[in-house]
1. I'd like to compare 256-265, 192-201, 323-332, 362-371: which one has the highest average count of other Cβ atoms within 10 Å, and what's the full order after that?
2. Plugging the Kirkwood radius over Cα pairs into Stokes-Einstein for region 271-378, at a temperature of 37 °C and a viscosity of 0.692 mPa s, what D comes out in µm²/s?
3. With every protein chain left in place, what is the accessible area per residue of the chain in square angstrom, probe 1.4 Å?
4. Hey, what D do you get for the chain in µm²/s if you plug the Kirkwood alpha-carbon radius into Stokes-Einstein at 10 °C and 1.306 mPa s?
5. Just want the answer: with Cβ charges of +1 for Lys and Arg and -1 for Asp and Glu, which residue in VAL98, GLY72, ALA60 is farthest toward the dipole's positive end in region 45-151?
6. Rounded to the nearest 0.05, what FRET efficiency is calculated for ALA358 and ARG34 with R0 set to 25 Å and r the Cβ-Cβ distance?
7. Share of the chain's accessible area from carbon and sulfur, percent, 1.4 Å?
8. Return a whole-number percent for the relative contact order of the chain, with Cα pairs under 8 Å and 6 or more residues apart as the contact set.
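The values are calculated or read from the model by the stated rules, or taken from the named source; none is laboratory data. Quick caveat: nothing in here was measured; it's all calculated off a predicted structure. Using ideal geometry, Cβ is built from the backbone for each residue, glycine included, and neighbour counts are taken over all protein chains shown. Heavy atoms of the whole protein, side chains included, go into the accessibility calculation; ligands, DNA and RNA do not. Shrake-Rupley method; radii C 1.70, N 1.55, O 1.52, S 1.80 Å.
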Amino acid sequence: MILLLMISVGLIGANSLVLSPIAAEVASGVGAERTSDVMTAAAIYGISVALSALFFAPRADKVGPHKALETGLVLILIGLGFSIAATNLTVLSIGQGVVGVGAGMALPAIYSLAAIISPKGQESRTMGMVLTGWTLSMVGGVTLSAYVADLIHWRAVFGLLGFGSLVILIVLLKASFPPHTPATKVTSPISAVQVPGILPAMFSVLMLGTGFYGVYNYLGAHLTDALHRNVGAAGWLTLSYGLGFGAAMLFDPWLDKVGPRRGLLAVFSGLSIYYVGMSAWTHSYAMIVALMFGWGVLQHLGLNLTVSRLSRLDPSQRGAVMGLNSTTMYASVFAATVLYRPGYESFGINLCLWISAALTLMGAAEALWARTSRTLPEKSV
């Protein structure tokens, strides 16, 4: 079951990443004037994920996370069908919007299921294995999509994603899950915000996500603008990061021993130092590739800890809480892109790294405050 959830994350994550490397082919196929026009569909996908996770993810508390995941996969299949058949940008954008709605339901459900099926005392290890699906999406999705689009057709990329999603859906329909006890009260974004400890936990998600995307979103531009590398050079960065993200699974058992608060204090502190260290090597392509591996390790641990922290707050509202997590993470993509742009355009990637160091330092400060708080036991948040 863990492997099934891992592959589900990989397929969903791949759809959010594959459009960029095949944008030129897609633009030609849908009659777009510029390659950049295709990224409108990617923006609609991101917005749809955020809104869906906010308003539809709480449905899992009523019907059960496995049912919510199945519904999400059905919507993803419908959206991919539109994407495959798209002959213009409007149809492609509609398709990606529907995929986003499905992903916004599916991702929180996957995280909830990971918490439910995890053996006692191994929650972080289980969550880490599921989160490794993001490695599949980054290493496999980004790398293979360009080759599939080149050798076959860009529509084949969406076709393969659809086939994989269909297989996962069929297996899920035949699988057995622990019995679900419907929530005794109506859950919603409002009820989830009232859960004790939710706001500090969401702050951690925001600091982690904004710090990451603020640098990651502008690394490609740094390669071409400052290092005069071609676009393909970014592939090695993604590969190195993805391998580090996957390798970090070896450290997940440590997370179960230290608990989310103590672990987040260490990881956020490490990220802050790492960002400053990276800023000293931005002139070297080889060093950036090497440093991406360690960054992937730290981000995996941070993502594991933030998700695990949220999943333990209120099991009766886990769907709504996980929905807020996905909404905040996707909102951080937008926030990072907008807020970091003036700094990058004026001072380059180094300022982006320093801003991220400051944000993760704030995350460490919150973790330290939570660590010294006596209102909740150490391993409850």
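1. On the way: 256-265: 21.7, 192-201: 17.4, 323-332: 25.1, 362-371: 19.1.
Packing order, densest peptide first, comes out as 323-332, 256-265, 362-371, 192-201.
2. Numbers: Rh = 15.9 Å.
Roughly 206 µm²/s, to the nearest whole number.
3. On the way: 15930 Å² over 381 residues.
Accessible surface, normalised per residue, equals 42 Å².
4. Details: Rh = 20.8 Å.
Reported coefficient: 76 µm²/s.
5. Of the listed residues, the answer is ALA60.
6. E(calc), rounded to 0.05, equals 0.10.
7. Values: 11140 of 15930 Å².
Carbon with sulfur: 70 percent of the solvent-accessible area.
8. Averaging sequence separation for qualifying contacts and normalising by length gives 25 percent for the chain.
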